[in-house]
Each structure stands twice: as structure tokens, then as C-alpha cells.
1. Keeping all protein chains in the complex and leaving out DNA, RNA and ligands, what accessible area do you get for residue 49 with a 1.4 Å probe, in Å² to the nearest 10?
2. If the limit is 22 Å between Cα atoms, which of 39/84; 25/68; 25/64; 64/84 go over it?
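The values are calculated or read from the model by the stated rules, or taken from the named source; none is laboratory data. Just so it is clear, the structure is predicted and the values come from calculations on it, not from any experiment. The area values use the complete protein model at the heavy-atom level, side chains included, leaving out ligands, DNA and RNA. Shrake-Rupley method; radii C 1.70, N 1.55, O 1.52, S 1.80 Å.
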Amino acid sequence: MNALKPALLALLITTGSAGLALADKPGADWMPAEQVKQKLMAAGYTDITEFEADDGHWEGEGMKNGVKMEFHADPKTGAIISEKPDK
């Protein structure tokens, strides 16, 4: 029975981490990343240094008006949902 515990623990860890990785992938109905980046550039971003799918939206960091900003964008429209200076 004790030999099963490490194997079961390894299975749970593997399954759990795979589930987390899947949660951070763009959905089938999401606007493509390159189109969202184009919208961000049109909104004043000049350098996007980080960009990823996370928690149901696009998020990242970039420069806007000379200030390093964090942003969240709507996954379907690419519209900026929120943005704030990155500390």
C-alpha cells in the first residue's frame, strides 16, 4: 500500500499541473494574439514586452506614453479592460 502513495501523489501532481496549463490557453473564440497586439499599439502602446492568456483574458506589459504599464484585454474584442502603471 505504501508503494502506491508516491505513485498516486505523482499522478495527482501531473494531472493538476496539466489542468492549470490548459486554463491559460486562448479559447477557440478568442481574437488572435497578433490582432490584440495591433489594437494595443493603436491605443498607444509602443513596446509590448509580455503578453499571454491568463485567467480568461489577455494580459501583459508594455510601454505607453513613456510609462511601463500592465494591461488586461478582452479575449474576444481585444479592447483594453484595465491598465495601470507597473511598479
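1. In the full protein context, residue 49 sits at about 80 Å².
2. On the way: 39/84 17 Å; 25/68 25 Å; 25/64 26 Å; 64/84 10 Å.
With Cα atoms farther than 22 Å apart: 25/68; 25/64.
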